[in-house]
Amino acid sequence: MVATPHITGLTNKNIFLVEFKEPYGETTLRDETTPNIRSIIYSPKGTYLAYRSDRKAEIIKCGDWTTAATIEGNIKDMFFSPLDNYFMVWELFVMTKDNPQGKPNLHVYKSATGECVGSFTQKNQAGWEPQWSSDEKLFSIQMTNRILFYEDGKFDRYVQHLQADKLKSFSLSPSPGLSYYLAIFTLGKQGQPSAWRVLKYPQLDIMQSVVSRSTFQADKATFYWNRRGTNVFAMTQTDVDKTGGSYYGKQSLSFGDVKGNAGNVTFSKEGPIHAIAWNPGNSNEWVAVYGHAPAKATLFNAKCDPLYEFGTGAWNAVYFPPEGNYMLLGGFGNIATGHIEVWNMQGYKKLGSCAAPDTTSLQWDPRGETFFTATTYPRLTVGNGYKIWHYTGVLMHKRVCQEKENLLAISWRPGNYPKSELSRTAPKGIEDTTPKPVGAYRPPGARNKPSTFTLHEHEKPHRPGETANAGPSKQAIKQREKREARKARKAEERATGDPPPPQPPSTPRPAFVSTGDPEKDKKIKNINKKLSDIDKLKQQKAAGKQLELNQLAKIENEQALQQELDLLRL
């Protein structure tokens, strides 16, 4: 394994490798002699790189970048198994007069040799991908209302199957070892609710479900397992929100675990659920970005108790590096600013921020020290290119596509790499010359002046139970002003070398003596208080503090107050 990870990119002209060090030189891996390359993909461990064109798919060994296997066919999609041992491809399902039943269009190959070890029929591209356990001992594939299970790489005959009416989707847990779990979602029949369940393999009877949750407002479900495969979230959604609250359908989030605990997740802000992600370094933590703009981001534990509130911002995505020590919040797509914030998950300290407008792809490097943002085709047809950022928000490298060049895909090579100096110190950045978005129109009278208008009231980061926007108290503000004035005075003395001016000795005021007249006594006490305040202001002025106009007016009025006091004492 090399010391630093590579970045691999695909344009409409070539496949290139980026060396991750100055000056970030690019090496061409495949040029225009290999036409119509549609996509690239790395194996999860970084052993292989595969690309597909209109005529073939090719598996490349990353050790020496030589070809391991070539698979002929008009392949439309592909991916690797968790341990890189198998390579799966999907082709269009075709029926002809000679073969009205069609032929298998999903094939499983050995990555090292290209030997075909299994073939299946999957008519639809949506949901075609088989699912593996993390140790590759269990292989599962959905066939309409059945899920077939194969063990130990033997694809000639399934060993278990699960049958369920209106089975829409399933998800196999990534848990290694002898205990495998899977989550399934079934659509409700007329008058009956939809449901999602967690079952333990090989006990595949619906009645023996570990978790069972039902809802009348769900047409599809997406499952999110933690890294250990012990906890799962089910994001259910309707095709149409009949209440009119969302264009994309009504969402709800519920949770379950392999011990049988389950429930619904409620958030402190109304609105859509933009993103959720488990921390890969801590299977008991997850982050959700939710709510109407500005969206809110919160860290929860596995029991769905909030641990920390990151406040609100222009966010709709969350990304973790492989170790889970940092967390990135970003706003992309319909959020034009591309605002990014990076947080340390130990101590919840904000490490840096940056802006990457028009980002269509973001990925952490395997070491968790840098990440790239990219603008790719066909999502956006102009401004294609990529940028490499340090986790503190420093821009390290920028590459813009030339005329008639489009960036189709880009990816880090996975693997285990030693930490570098970038994990401790931020590098010297380069200037981002991307044109800034044009600001909103401001009338001539308001130009070149600070704006006091705020579209949204943002919530500040805080721990649960604390007041979100609680500012410092008046006493704290007063003490802070005193400290700042003291520091400024000492800095000025050190700069000039002059000793502080001596403060004039304050003449003690005579003690109060009653005149016997309550009205006179009241006036005398009032004047004494004013004179005492004047003495304090005179001391502050002698110490070098800049006084306000009304305070200077009080000092000038001292003689008149003293004369009035003398008359009252007669």
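The values are calculated or read from the model by the stated rules, or taken from the named source; none is laboratory data. Fair warning: this is a prediction, and the values are worked out from it, not measured in the lab. Please note: Cβ atoms are built from the backbone with ideal geometry, for glycine as well, and neighbour counts cover all protein chains shown. Side chains are part of the model used for accessible areas, which takes the heavy atoms of the whole protein and leaves out ligands, DNA and RNA. Shrake-Rupley method; radii C 1.70, N 1.55, O 1.52, S 1.80 Å.
Annotation note: Cβ proximity below 6 Å between a residue of segment 95-107 that is closer than 9 Å to residue 121 by Cα and a residue that is open to solvent by 70 Å² or more (accessible area, probe 1.4 Å) and at pLDDT 85 or above (sequence gap 6+ or interchain) occurs for 102/95. Note on segment 370-399: residues that are at pLDDT 95 or above, among the β-branched types (Val, Ile, Thr) and farther than 24 Å from residue 344 by Cα amount to 2. Restricted to strands (runs of 3 or more DSSP E) entirely inside segment 323-369, those with at least 3 residues that are in contact with a Phe, Trp or Tyr (Cβ under 7 Å, 6 or more places away or on another chain), open to solvent by less than 20 Å² (accessible area, probe 1.4 Å) and not basic (Lys, Arg) are 326-330. Are any of the residues in segment 30-41 open to solvent by 40 Å² or more (accessible area, probe 1.4 Å), in contact (Cβ under 8 Å) with a residue 40 or more places away in the chain and farther than 24 Å from residue 104 by Cβ? Checking segment 30-41: not a single residue is open to solvent by 40 Å² or more (accessible area, probe 1.4 Å), in contact (Cβ under 8 Å) with a residue 40 or more places away in the chain and farther than 24 Å from residue 104 by Cβ.
Among the residues of segment 447-468, those that are open to solvent by less than 90 Å² (accessible area, probe 1.4 Å) and either at pLDDT below 75 or of a type in the set (S, T, N, Q) (or both) comprise 451, 454, 456, 468.
One line per residue, one yes/no per condition, for (1) within 18 Å of residue 330 (Cα to Cα); (2) under 18 Å from the mean Cα position of the chain (by Cα); (3) at pLDDT 95 or above:
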{"site": "358", "(1), (2), (3)": "yes, yes, no"}
{"site": "410", "(1), (2), (3)": "no, no, yes"}
{"site": "437", "(1), (2), (3)": "yes, no, no"}
{"site": "443", "(1), (2), (3)": "no, no, no"}
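Listed by position, the helices (runs of 4 or more DSSP H) inside segment 509-570 whose residues that are open to solvent by less than 50 Å² (accessible area, probe 1.4 Å) and over 22 Å from residue 485 (Cα atoms) number at least 1 are 518-542, 558-569.
Kindly indicate the residue of segment 386-400 that is touching a residue at least 60 places away in the same chain (Cβ under 8 Å) and not hydrophobic (A, V, I, L, M, F, W, C) and also most open to solvent (accessible area, probe 1.4 Å) among those meeting that condition. Don't jump to the end; show me each part of the working.
First pass over segment 386-400, keeping only residues touching a residue at least 60 places away in the same chain (Cβ under 8 Å): 386, 388, 391, 397, 399.
Right, trim to not hydrophobic (A, V, I, L, M, F, W, C) and you get 386, 391, 397, 399.
Numbers: 386: 5, 391: 21, 397: 29, 399: 47 Å².
Here the residue is 399.
Could you tell me whether segment 252-270 includes any residue that is within 15 Å of the chain's Cα centre (by Cα) and within 25 Å of residue 322 (Cβ to Cβ)? Looking for residues that are within 15 Å of the chain's Cα centre (by Cα) and within 25 Å of residue 322 (Cβ to Cβ), one finds none in segment 252-270, hence no.
Looking across segment 122-149, the residues that are within 14 Å of residue 81 (Cα to Cα), assigned to a strand (DSSP E or B) and open to solvent by less than 40 Å² (accessible area, probe 1.4 Å) come down to 132, 138, 139, 140, 141.
Identify all residues within segment 159-168 that are open to solvent by less than 40 Å² (accessible area, probe 1.4 Å) and part of a strand (DSSP E or B); write none if there are none. First the steps, then the outcome.
Within segment 159-168, the first condition is being open to solvent by less than 40 Å² (accessible area, probe 1.4 Å), and the residues that meet it are 162, 164, 167.
Selection gives 162, 167.
Scanning segment 270-301 for residues that are in contact (Cβ under 8 Å) with a residue 24 or more places away in the chain and not in a strand (DSSP E or B), we see that the one that is most open to solvent (accessible area, probe 1.4 Å) is 293.
Residue pairs whose Cβ atoms lie under 8 Å apart, sitting 6 or more positions apart in sequence or on different chains, and linking a residue in segment 136-164 that is at positive phi to a partner that is open to solvent by 60 Å² or more (accessible area, probe 1.4 Å), are 136/83; 136/85; 152/137; 153/85.
Restricting to segment 215-245, and then to whatever is among the β-branched types (Val, Ile, Thr) and part of a loop (DSSP other than H, G, I, E, B), can you tell me which residue is surrounded by the most Cβ atoms within 10 Å (Cβ to Cβ)? I'd like the intermediate steps shown before the answer.
Kept after step one, since they are among the β-branched types (Val, Ile, Thr), are these residues of segment 215-245: 215, 222, 230, 232, 236, 238, 240, 243.
Subsequent filtering for residues that are part of a loop (DSSP other than H, G, I, E, B) retains 230, 238, 240, 243.
Values: 230: 17, 238: 20, 240: 12, 243: 9.
Once the filter is applied, the top-ranked residue is 238.
Scanning segment 169-211 for residues that are surrounded by fewer than 17 Cβ atoms within 10 Å (Cβ to Cβ), closer than 22 Å to residue 133 by Cα and at pLDDT 90 or above gives 200, 202, 203, 205, 206, 208. Can you find a residue in segment 55-70 that is closer than 18 Å to residue 113 by Cβ, surrounded by fewer than 16 Cβ atoms within 10 Å (Cβ to Cβ), touching a residue at least 24 places away in the same chain (Cβ under 8 Å) and not hydrophobic (A, V, I, L, M, F, W, C)? Yes, there is a match, as at least one residue in segment 55-70 is closer than 18 Å to residue 113 by Cβ, surrounded by fewer than 16 Cβ atoms within 10 Å (Cβ to Cβ), touching a residue at least 24 places away in the same chain (Cβ under 8 Å) and not hydrophobic (A, V, I, L, M, F, W, C). The criterion of being open to solvent by less than 90 Å² (accessible area, probe 1.4 Å), modelled with pLDDT of 70 or more and of a type outside the set (Val, Ile, Thr) does not hold for residue 492. Quick one: is residue 415 touching a residue at least 40 places away in the same chain (Cβ under 8 Å) and at positive phi? When the stated conditions are applied, residue 415 passes them. What about residue 312, is it polar (S, T, N, Q), open to solvent by 10 Å² or more (accessible area, probe 1.4 Å) and over 28 Å from residue 184 (Cα atoms)? So residue 312 fits the description; yes. Could we say that residue 22 is farther than 17 Å from residue 413 by Cβ and within 30 Å of the chain's Cα centre (by Cα) here? Considered against the rule, which asks whether it is farther than 17 Å from residue 413 by Cβ and within 30 Å of the chain's Cα centre (by Cα), residue 22 comes out as yes.
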